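One structure below.
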Amino acid sequence: MLGDEVLIGQTVLEKLDLVADRQGRGILPNPAHPDQPVTKVK
């Protein structure tokens, strides 16, 4: 267990259009936009 340390923030997840999968304990593409992120990195 990693404790209370945050490894990635909500803002980063939103910018990359990713969602946290609590059951699978991972990060997945947002099902509402599976093909591309909302924000593009330049």
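Key figures
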{"item": "Length gained when the stretch residue 35-residue 18 is fully extended (0.36 nm per residue, less Cα-Cα span)", "result": "5.0 nm"}
{"item": "Under 5 Å, built H, 5+ apart or other chain: amide partners of residue 19", "result": "28, 30"}
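None of the figures in this text is laboratory data; all of them are computed from the coordinates on show. Quick caveat, the model's predicted, so the values are computed rather than measured.
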